[in-house]
Amino acid sequence: MEHKTFLSTLDPHEREAVQQAGRVQKEPLRPGDQLFRQNDTADRAALIITGRCRVLWQGERGRTTYLATRRDGDLVGEVALLDGGRRNATVRALTDTYVRWYSREAFEALLTNHSAILRKLLNSANSRLKESDHQQIAITSAPAQVRLARLLLRLAEAEGVSTDGDTEIRDVSRQDLGDWTGMGRDAASRGITRLQERGLIGTTRARRRIVITDLAGLRRHALASADD
């Protein structure tokens, strides 16, 4: 399912209105900085100008679930701002990230004065929800080993950094992989070892990094049926 950013759906006039309504942060958010924290009161939204942000949900016993990665042109935090509730997820910068902030007042004025932008925003939010649901089902419905491969493929496509022909996924631990697949850390570690034995993943001394050496092979493995 192709991901379309909110900004890409706007015409030039609408883009100008969106840009004028917000305030650009002068200094970038650094990797690990939080844009929003789960359960906080929603008081603003953000449009990502450049950078990558990871969206995580925290459940019981502190376990997290990976929901999505947002990038240039994506709007984040707008749903909670519109419904007046609390944040249902944490959004954290993965890279140096510049954003355009929107206060509640500025955001409401923008949507009141531009009904077409409101329609496109709602369509974008609905598409993102369907995209996330589709990807979560694809991961959770698979056997453990395929589940891990599908998660790694999703992360590689959303966040992967090309390095000497390989694809590197950063800021992810085996505990994260265990939580996000529901396998647990030990099973995820065994799964990583099996993928290394298949030649799909390399070894690295860097902490919290996964190096995919055969992205096409990982994709074939991720799309395999339960009987493969």
Out of (1) surrounded by 14 or more Cβ atoms within 10 Å (Cβ to Cβ); (2) under 26 Å from Arg63 (Cβ atoms); (3) at pLDDT 95 or above, the one Asp186 does not meet is (1)
- Within the stretch 213-228, identify whether any single residue is of a type outside the set (D, E, K, R) and under 23 Å from Gly59 (Cβ atoms), and answer yes or no. no
Only one of (1) over 17 Å from Thr5 (Cα atoms); (2) without any contact (Cβ under 8 Å) to a residue 40 or more places away in the chain; (3) crowded, with 19+ Cβ neighbours inside 10 Å does not apply to Leu110, and that is (2)
Of those in the stretch 189-220 that are among the β-branched types (Val, Ile, Thr) and loosely packed, with under 14 Cβ neighbours inside 10 Å, the residue modelled with the highest pLDDT is Thr193
When every residue in the stretch 35-51 that is under 16 Å from the mean Cα position of the chain (by Cα) and farther than 15 Å from Leu75 by Cα is compared, the one surrounded by the fewest Cβ atoms within 10 Å (Cβ to Cβ) is Arg37
Of the candidates Gly73, Gly59, the one satisfying the condition of being assigned by TED's automatic domain parsing to the domain that holds Leu110, of a type in the set (Gly, Ala, Ser) and without any contact (Cβ under 8 Å) to a residue 40 or more places away in the chain is Gly59
With criteria (1) in a loop (DSSP other than H, G, I, E, B); (2) modelled with pLDDT of 90 or more; (3) farther than 20 Å from His3 by Cβ, Val172 comes up short on (3)
Checked Arg205, Arg220, Arg190 against criteria (of a type in the set (Lys, Arg) and in a loop (DSSP other than H, G, I, E, B)); the one match is Arg205
Restricted to the stretch 78-97 and to residues being buried (at least 18 other Cβ atoms within 10 Å of the Cβ) and over 13 Å from the mean Cα position of the chain (by Cα), the residue nearest to Asp11 (Cα to Cα) is Glu78
Just one listed residue, out of Ser103, Ser132, Ser162, Ser141, is surrounded by fewer than 16 Cβ atoms within 10 Å (Cβ to Cβ), more than 17 Å from Leu10 (Cβ to Cβ) and at pLDDT 95 or above, and it is Ser103
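The values are calculated or read from the model by the stated rules, or taken from the named source; none is laboratory data. Quick caveat, the model's predicted, so the values are computed rather than measured. Virtual Cβ from ideal backbone geometry, glycine too; neighbours counted across all protein chains shown.
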